[in-house]
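Down below is the structure, laid out as C-alpha cells.
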Amino acid sequence: MWQIFIAVTMIITEGMFNFIKLLTVSSIDLYKKSQEKDSGKIKYRLTSPSLNYDDRKRLEVFLGHRIPLYVPVAGYIGCAIVCSVIMPWIFPHIKFYHMALLFIILPVFTFCNTYGTGLTDWSVAQSYGRFIQFVIAAWVAKPGAVIASLAAYGVSVAALNVSSQAMQDLKTGYMTLTSPRAVVAGHIYGILIGSIINPCIFLAFEANAKSTAPIGSKDSEYSCPSAAVYRAIGLLGKGGVKELPDHCITLCLVTFFITLAIETITLVSQRKNWKLQNFIPCMIAIALPFLTGPYFTIDMCLGSVLLIIWTKRNRQHAELLTSAVAAGLICGDGLWVLPSSILSIFNVYPPICMKFLSSGKQVDTVDSFINTIETHGSR
C-alpha cells in the first residue's frame, strides 16, 4: 500500500507544481496581452522563420479550430450537476456533497494525470482512483463506506481516463492536421456508442455464465479478481489513516519535499539555461515503476538507448521518424490485446510460464514443492 501513496505523492506534487506554473505563466501572458492593442504572438508563431512549413500548418489548423472555453466548462458543470443528483439516487451510501466535492477536486487530478500521460504516454488513472477511494471511504467511515468509495472510484477513473485519452488523441490530431473539434466530437460519439455497447457485452457474458457461479464469484469463469482488491481498499479506508502501513505519512511528506526541490531545481536550470537540466530526472517517470513494476524501467531504458544511438548516427532521420516508430510500437502492443483475449476465452495458454520470486517465504514454499515432486518421482 505504501508504494501507491508514495507514487501518487510524486505525481500529484509534480502535476500541481506544473499546474501552478502554467497558471502563473498564463496570467502574466494575459496581462501583457491586455496591455497591448494587438498581440501578434500567434501570428509570429505562424510566420516565425524557425518553424518549417509543416509545423506552421499544424499550428494554423490546431489554433484555428480551437473550442471556446465556455463549452467544456459548461459541459463539465452540467455533468457534475447530473452526477451529483443521479449517483446518490442509485447508491444511497454516497451523498450529494461527496459528489460535489469530488467534481471540484477532479480537475486538479485530471490535469496531473493528463500532464503525466503527455510526458510518458502512460496513464495512472487507477492509482488516482485508489487514492480517491481511500479518502472517500475514510470520510464516510460507517456501514456503506465501501460502496460509496467504489462509486467514487468509478466516477473518478472514468473522468481521468477520458482526459488522458483526449491528450493522446489531440497530440495525434496535431500531428495529422486534424481539427481539435473533430477529435472532441469523435470522443463524444464514442462515449455515446460505448454507453450502449458496453452493457450489451456485459449481458452477453452474464448470459454465458453458469447459474451456480455468477460473474464476479470465485468459481466463475469471469471471477474478476481485482474486485476483491478494490473492496479491500475500501475496507482499509473505512478504518482511516491508522490503517495505513507504518511511517506511510512520513514517507509521503519526505517524497513531497524531495519532489518539490527537484522541480524547483529543474525550473531554475531551465531559466538559467544550465547544462544540468538535461540530467535532472523526471519524477513522474520515477513514480511509474512503483505502480507498474520494474519491467517498465527496462522498457524505458531500452527505448532511450535506441533513441540516443539513432540520434547520434542520423539526427535528421531520428527527428522525422521517431514518432512513427513509437506509434507503431504502441499500436502493435495494443492490438495484441485482442488475440490475447480471444485465446484466454478459449482457455489457450502459453506452454511455458516463468516467474521471478523475491527471497523469503515464497522461495521456501517453492523449494518445498520441488522437493515433494522429486520425492514422488524417486518412488
Being at pLDDT 70 or above and not in a helix (DSSP H, G or I) narrows it down to one residue among Gly237, Gly216; which is it? Gly216
Over the range 130-143, the set of residues more than 14 Å from Val8 (Cα to Cα) and part of a helix (DSSP H, G or I) is Ile136, Ala137, Ala138, Trp139, Val140
Per the filter on the range 83-99, residues farther than 19 Å from Ser163 by Cα and either in a helix (DSSP H, G or I) or in contact with a Lys or Arg (Cβ under 8 Å, 6 or more places away or on another chain) (or both) are Ser84, Val85, Ile86, Met87, Pro88, Trp89, Ile90, Phe96, Tyr97, His98
Only residues that are out of contact with any helix residue (DSSP H, G or I) (no Cβ under 9 Å at 6 or more places or on another chain) and surrounded by 15 or more Cβ atoms within 10 Å (Cβ to Cβ): list them for the range 268-279, please. none
When the range 283-319 is checked residue by residue, the ones that are surrounded by 14 or more Cβ atoms within 10 Å (Cβ to Cβ) and either among the β-branched types (Val, Ile, Thr) or at pLDDT 80 or above (or both) are Met283, Ile284, Ile286, Thr292, Thr297, Gly303, Leu307, Trp310, Thr311, Ala318
Looking at the structure I just gave you, is Ile197 surrounded by fewer than 15 Cβ atoms within 10 Å (Cβ to Cβ), within 30 Å of Val325 (Cα to Cα) and of a type in the set (Val, Ile, Thr)? no
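Conditions tested, residue by residue: (1) more than 30 Å from Leu177 (Cβ to Cβ); (2) under 22 Å from the mean Cα position of the chain (by Cα).
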position: Tyr70; (1), (2): no, no
position: Val82; (1), (2): yes, no
position: Val85; (1), (2): yes, no
position: Trp89; (1), (2): yes, no
position: Ile105; (1), (2): yes, yes
position: Val108; (1), (2): yes, yes
Quick one: would you say Ser195 is modelled with pLDDT of 80 or more, assigned by TED's automatic domain parsing to the domain that holds Gly173 and among the polar types (S, T, N, Q)? yes
Do we find a residue being at pLDDT 70 or above, farther than 17 Å from Asn113 by Cα and over 25 Å from the mean Cα position of the chain (by Cα) anywhere in the range 45-53? yes
Residue that is outside any helix (DSSP H, G or I), in contact with a Leu (Cβ under 9 Å, 6 or more places away or on another chain), among the hydroxyl-bearing types (Ser, Thr, Tyr) and crowded, with 16+ Cβ neighbours inside 10 Å, where the choices are Ser127, Ser123: Ser123
I'd like to check something: does the range 246-267 contain any residue that is surrounded by 16 or more Cβ atoms within 10 Å (Cβ to Cβ) and among the small types (Gly, Ala, Ser)? no
From the option list Ile136, Ile104, single residue qualifying as modelled with pLDDT of 80 or more, surrounded by fewer than 22 Cβ atoms within 10 Å (Cβ to Cβ) and over 18 Å from Ala7 (Cβ atoms) is Ile104
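The values are calculated or read from the model by the stated rules, or taken from the named source; none is laboratory data. Quantities reported herein were computed from a predicted structural model and do not represent experimental measurements. Neighbour counts are summed over all protein chains in view; Cβ atoms, including those assigned to glycine, are modelled from backbone coordinates with ideal geometry.
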